[in-house]
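Below is one structure, written out as structure tokens; the observations come after it.
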Amino acid sequence: MATSTLVQFLDDGEEAETGNRQQVETFFANGTIAAGDWVAFDTTKTGADRCLYVIEAAGVATVGNSAAIGVAKAAASAGDQVQVVVAGYAENASVAAATVAGSPLIGPIGTAGEAAIEVPGTTTGKLCGIALEADTANLADVFVIKSF
């Protein structure tokens, strides 16, 4: 059984919890983003601002949106700061219906902001995550695969 070094840093009386194993980066929203949406860099910006601003990842037919970089932790409007899980565990990510634990996820295909299920030969694209549970109303905990 593996032992987490997290236990070393707990105060007396606290229960040990496994770290949530995630990397979060802060960006600026350049449009409306819902909590759990998959987001992409905003390429309508110029220069380095293209990597500072994010938008809801658009759906790209059949191949999925390979620009999806992570999952928004909270809703945001244009100009707001938005925290994005760019690697690791993300709760309540927007996913396609019929997602089950272990489903390989690719960038949005039909619905903007919603990761699609990869179906080889039908829907293929850059893997952006793995479902950790079945979806409930198109939301599921996922593991985001780091893309930058």
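Quick one: if the Förster radius is 41 Å, what FRET efficiency do Lys45 and Thr124 give, using the C-beta to C-beta distance and rounding to 0.05?
Working: r = 29 Å, r/R0 = 0.70.
Once rounded, the FRET efficiency stands at 0.90.
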message = Let's see if you can work this out: charge +1 on each Lys and Arg Cβ, -1 on each Asp and Glu Cβ, no other charges. What is the dipole magnitude of segment 32-118 about its Cα centre, in debye to the nearest 20?
response = 120
query = When DSSP beta bridges are limited to those with both residues in the chain, what percentage is antiparallel, rounded to the nearest 5?
reply = 90
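In percent, how large is the relative contact order of the chain, given Cα pairs closer than 8 Å and 6 or more residues apart? Numbers along the way, then the final one.
On the way: 409 pairs, mean separation 36.0, N = 148.
24 percent.
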key: Rounded, prolate or oblate (a/c below 1.5 giving rounded, otherwise prolate when a/b exceeds b/c) for segment 37-100 by Cα gyration tensor   = oblate
query = In whole Å and largest first, what semi-axes does the C-alpha gyration tensor of segment 22-144 yield when each eigenvalue is scaled by 5 and square-rooted?
reply = 22, 15, 11
ask   = When ranked by the protection proxy of mean other Cβ atoms within 10 Å per residue, highest first, what sequence do the peptides 69-81, 104-116 form?
value = 104-116, 69-81
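Readers should treat all values here as calculations from the given coordinates under stated rules, not as data from a laboratory. In this text, all values refer to a predicted model and were calculated from it rather than measured experimentally. For neighbour counting, all protein chains shown are included, and Cβ atoms are generated from backbone atoms with ideal geometry for every residue, glycine included.
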